[in-house]
Each structure stands twice: as structure tokens, then as C-alpha cells.
1. Return the only residue of Ile66, Ile70 being over 19 Å from Cys32 (Cα atoms), under 14 Å from the mean Cα position of the chain (by Cα) and outside any helix (DSSP H, G or I).
2. Which numbered condition in (1) within 23 Å of Asn188 (Cβ to Cβ); (2) without any contact (Cβ under 8 Å) to a residue 12 or more places away in the chain is the only one that Lys122 fails?
3. Filter segment 147-175 for residues that are closer than 15 Å to Val204 by Cβ and loosely packed, with under 14 Cβ neighbours inside 10 Å and give the result.
4. Are any residues in segment 115-146 away from the ligand (no atom under 11 Å from the Cβ), surrounded by 15 or more Cβ atoms within 10 Å (Cβ to Cβ) and among the hydroxyl-bearing types (Ser, Thr, Tyr), and if so, which ones?
5. Residues of segment 27-42 being out of contact with any Phe, Trp or Tyr (no Cβ under 8 Å at 6 or more places or on another chain) and polar (S, T, N, Q), which ones?
6. Could you list, in sequence order, all residues of segment 66-104 that are among the hydrophobic types (A, V, I, L, M, F, W, C), in contact (Cβ under 8 Å) with a residue 60 or more places away in the chain and within 10 Å of the ligand (Cβ to nearest atom)?
7. From the set of residues in segment 52-65 that are within 14 Å of the ligand (Cβ to nearest atom) and in contact with a helix residue (DSSP H, G or I) (Cβ under 6 Å, 6 or more places away or on another chain), which is farthest from Trp27 (Cα to Cα)?
8. With the requirement that a residue be more than 18 Å from Leu83 (Cα to Cα) and outside any loop (DSSP other than H, G, I, E, B), what does segment 45-63 give you?
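Any read-out appearing in this document is the output of simple, stated calculations on the displayed coordinates, not a laboratory observation. Everything numeric here is computed off the predicted structure, so don't read it as measured data. Counting neighbours? That spans all protein chains shown, and the Cβs are built from the backbone with ideal geometry, glycine included.
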Amino acid sequence: MRVRKRKGAEEYLLEHSQLAVMQPDRWQGRWCDRFCNNHPLHIEVGCGKGRFITEMAKRNPGINYIGIDIQLSVLSYALDKVLVADVPNLQLLRVDGSDLLNYFAESEVALIYLNFSDPWPKSRHEKRRLTYSSFLKTYKKILLPQGEIHFKTDNRGLFEYSLVSFSNYGMFLKQISLDLHASDFAGNVMMTEYEEKFAQKGQVIYRVEVQFIKREY
Ligand code: SAH
């Protein structure tokens with residue numbers, strides 16, 4: 001997500017350190033203390049301007065959410081929304097998704113959302129894709145054994161790459177949709193900023209849910 005640098009973004013986040021976590025490593029393994037409850041923890045890696053995670057937090061008060069983005073200015077726009085929403089179950093974190101092991105303990109997270117992750121189409125940038133094997137290794141550690149990753153994108157190349165990456169890692173794929181907005185699931189879709197833009201242009205949205213361990217139904 002490209003945004004112009006926002007003046008004062010850092011100070012703004014600092015001013016709201018009750019919502020934008022400043023020393024995230026302090027909370028590793030103790031996020032339930034930060035939220036003052038034992039509710040399940042769902043995170044979005046690359047939350048952008050935060051619409052998805054804010055709406056999810058409003059809709060599901062029994063779940064704790066953390067929106068994560070590497071860009072300061074982007075996260076400051078997410079903070080605008082979080083302040084308006086005024087929900088106790090949402091925090092923002094400005095960190096690199098490749099460092100999640102520093103901020104989450106083993107099995108601390110129940111669900112990871114990856115929405116419209118940067119596609120990094122050049123093969124020399126493969127390692128930066130949020131579905132590259134090193135990221136999957138990290139996700140596996142911080143997720144509960146039956147935890148899930150929900151991934152959606154408009155980018156066919158990234159989607160195909162990610163399906164292969166998940167499969168190579170021995171993950172279980174379910175609810176694959178090659179046109180999310182035309183599927184049975186469409187009524188339940190919580191749109192992200194990017195999703196709305198792409199959907200308005202008539203672009204197809206791909207989605208999949210994956211797990212490291214198969215759940216017994
Ligand atoms: N999920 C949002 C934004 C998608 S754009 C939406 O759907 O609208 C992708 C976002 O991922 C950008 O905001 C970018 O800053 C963030 N990002 C890219 N690499 C990242 C990384 N390694 N760790 C955390 N965030 C990352």
C-alpha cells in the first residue's frame with residue numbers, strides 16, 4: 001500500500017500508546033494481560049489503513065484483534081479508525097511480519113489474516129512474500145495447533161504461488177474461492193480498503209483458508 005508520508009505520524013501513534021503498542025516485545029506471551037481477558041487472539045499481518053480489522057473488532061467483541069503493519073504512516077491511518085470505533089478488543093502494532101516471533105509466544109494466536117499482501121512478482125523478491133516458507137514457519141510457531149490462516153488477494157500470481165507454498169508446507173487447504181464475491185460466502189465478506197477498490201473495478205478476488213493440522217469435523 002502506497003501512502004504519502006504523514007507528518008507527525010510517529011508522534012500521533014506515541015500519543016495513543018494505549019492503542020498503538022510501543023514496546024511490543026514486552027507483551028510476548030502476555031497479550032491476554034494487555035487485553036485483560038483470555039479471549040482468542042486474531043491478527044492481520046499487513047493491515048494497511050485498518051478497515052477490515054476495525055470492523056471485525058466491532059463485530060466480534062469476544063475476540064482480541066491486533067492489526068500489524070510495517071509502515072508508520074499507513075498505521076497512523078488505521079489509528080484514525082480505531083479511535084472512532086472505540087473498541088477495547090483492538091490494538092495496533094508497527095512491526096515487520098518477519099519478526100513476529102519476537103512479539104508472540106508459541107501457540108498464542110488463533111487466526112492470522114493476510115489480506116491483499118504485496119505480491120512481489122519478481123522471483124528475486126520471493127522471500128518478501130508473506131506466504132514464503134520462512135513466514136509459514138513463523139506462523140506455525142505462533143499459531144495454536146489448529147489455528148488458521150485466512151488469505152485473500154486479487155493477484156492471481158500470488159494466489160497460485162501461495163497455494164503451492166501452503167501445500168509444500170503440508171498445510172490443509174479449505175474453502176478455496178476463485179471468485180469470492182460471486183460465492184455463497186459473499187454475504188459474509190468484510191471488505192478491506194484494497195478489496196473494495198478492486199471489486200469496484202470488477203476484479204476477481206481469490207480466497208483460501210489453511211491450517212497446519214487438519215481439524216476433525
Ligand atoms: N490489508 C490491507 C492492506 C493491503 S496492502 C487491505 O487489504 O487494504 C499490504 C500492506 O502490507 C501494506 O500496508 C504494507 O505496508 C504491509 N506490509 C508489507 N510487508 C509487510 C511486512 N513484512 N510486515 C508487515 N506489514 C507488511
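1. On inspection, the qualifying residue turns out to be Ile70.
2. With respect to (1) within 23 Å of Asn188 (Cβ to Cβ); (2) without any contact (Cβ under 8 Å) to a residue 12 or more places away in the chain, Lys122 is out only on (1).
3. Correct list: Arg156, Gly157, Glu160.
4. Thr131, Tyr139
5. Asn37, Asn38
6. Leu72, Val74, Leu75, Leu93, Val95, listed by residue number.
7. Looking only at segment 52-65, we keep the residues that are within 14 Å of the ligand (Cβ to nearest atom), and these are 52-56, 65.
From what's left, in contact with a helix residue (DSSP H, G or I) (Cβ under 6 Å, 6 or more places away or on another chain): 54, 65.
Details: Thr54: 21, Tyr65: 14 Å.
Filtering segment 52-65 for residues that are within 14 Å of the ligand (Cβ to nearest atom) and in contact with a helix residue (DSSP H, G or I) (Cβ under 6 Å, 6 or more places away or on another chain), the one farthest from Trp27 (Cα to Cα) comes out as Thr54.
8. Val45
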